[in-house]
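Working notes, structure below.
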Amino acid sequence: MFDFLLRTKAHSKQLLPDGVDMHSHILPGVDDGSPDAETSLTIIRHLIQSGLSGACCTPHIMLRYPGNTPASLRQRFDTFRQTIDQHLGPGTFHLHLAAEYMIDEGFATAIRAEGAPLRLPGERVLIELPQYLLPDGWMDALLSVRDLGYTPVLAHPERYIRLLDTDDLRSIVAQGIQLQGNIGSLTGLYGKPIQQRANELRALGLYTLWGTDVHSPGMARRLHLNP
Ligand SMILES: [Fe+2]
């Protein structure tokens, strides 16, 4: 009821100086994000209103979605990009294909599939952890990506509030791993404790990248992201 009291606004110009969302689930029909191109268009229109000019599509690559391989996602992405260009005009909203890799039992294989992982700009690989339990060898898994010549990026570290404290995250950053914050964390989308943690990590300068992690039009609205 008093949810609005927690809410603060975020500004895309401050968090995303290039105007590009670094984390989104707008590639339709491949994971728990947008189910179809029409829904993705609704989300993208909202992102444009929020001041964005592009987004990295970061579909989940995890055991739960065995069909999500770089080749299958690339194929989907090419069709999706054409659809978006047809509806919005060519180049109106820039799309880039990356992925969000889960550290699960398939991670070591997935990260080497087809020779190279799907990457964010700057040879970065976006990686997530399970919400409630750190898997054995999770740090080695992150470092294995660095050893392959890429920069690992840990997605939404503020959300692992029960698993990793601020010192853990400082140590992760010291080992060459970057942190990507969720904009919704700053504005209270995930509740007060995560909002406080995100603001603390931001004040410490621990984040390198920001993204919406948007999954739906409703979530896009609840980001409270302004130009
Ligand atoms: Fe995500």
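The values are calculated or read from the model by the stated rules, or taken from the named source; none is laboratory data. Computed from a predicted structure; not experimentally measured. In this analysis, Cβ positions are derived from the backbone assuming ideal geometry, glycine residues included, and neighbour counts consider all displayed protein chains. SASA here: full protein model, heavy atoms, side chains in, ligands and nucleic acids out. Shrake-Rupley method; radii C 1.70, N 1.55, O 1.52, S 1.80 Å.
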Filter pass, Leu163 being part of a loop (DSSP other than H, G, I, E, B) and open to solvent by less than 50 Å² (accessible area, probe 1.4 Å): yes
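What are the residues in segment 35-58 that are part of a loop (DSSP other than H, G, I, E, B) and in contact with a strand residue (DSSP E or B) (Cβ under 9 Å, 6 or more places away or on another chain), if any? Can you show your working first?
From segment 35-58, those part of a loop (DSSP other than H, G, I, E, B) are 35-36, 50-53, 58; that's our starting set.
Within segment 35-58, Ser50, Gly51, Leu52, Ser53, Thr58 meet the criteria.
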Which residues, taken from segment 97-123, are open to solvent by 50 Å² or more (accessible area, probe 1.4 Å) and either in a strand (DSSP E or B) or on the phi > 0 side of the Ramachandran plot (or both)? Glu114, Gly115, Gly122, Glu123
Across segment 15-52, what is the total count of residues that are open to solvent by 10 Å² or more (accessible area, probe 1.4 Å), within 15 Å of the ligand (Cβ to nearest atom), aliphatic (A, V, I, L, M) and touching a residue at least 60 places away in the same chain (Cβ under 8 Å)? 1
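What residue, of Gly33, Gly54, Gly91, Gly29, is at pLDDT below 95 and over 18 Å from Val145 (Cα atoms)?
Values: Gly33 fails: at pLDDT below 95; Gly54 fails: at pLDDT below 95; Gly29 fails: at pLDDT below 95.
Exactly one of Gly33, Gly54, Gly91, Gly29 is at pLDDT below 95 and over 18 Å from Val145 (Cα atoms), namely Gly91.
Residues of segment 191-214 being assigned to a loop (DSSP other than H, G, I, E, B), surrounded by 20 or more Cβ atoms within 10 Å (Cβ to Cβ) and not β-branched (Val, Ile, Thr), which ones? Lay out the reasoning, then the answer.
Applying the first criterion (assigned to a loop (DSSP other than H, G, I, E, B)) to segment 191-214 yields 191, 204-206, 212-213.
With surrounded by 20 or more Cβ atoms within 10 Å (Cβ to Cβ) added as a condition, the list becomes 212-213.
Of everything in segment 191-214, just one residue is assigned to a loop (DSSP other than H, G, I, E, B), surrounded by 20 or more Cβ atoms within 10 Å (Cβ to Cβ) and not β-branched (Val, Ile, Thr), namely Asp213.
Going by the conditions given, is Ala71 in contact with an Asp or Glu (Cβ under 8 Å, 6 or more places away or on another chain), in a helix (DSSP H, G or I) and of a type in the set (A, V, I, L, M, F, W, C)? Full working, then the answer.
Values: in contact with an Asp or Glu (Cβ under 8 Å, 6 or more places away or on another chain): yes; in a helix (DSSP H, G or I): yes; of a type in the set (A, V, I, L, M, F, W, C): yes.
So Ala71 passes the test.
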Ala141 meets each of (1) surrounded by fewer than 13 Cβ atoms within 10 Å (Cβ to Cβ); (2) small (Gly, Ala, Ser); (3) touching a helix residue (DSSP H, G or I) at 6+ places or on another chain (Cβ under 6 Å) with one exception, condition (1)
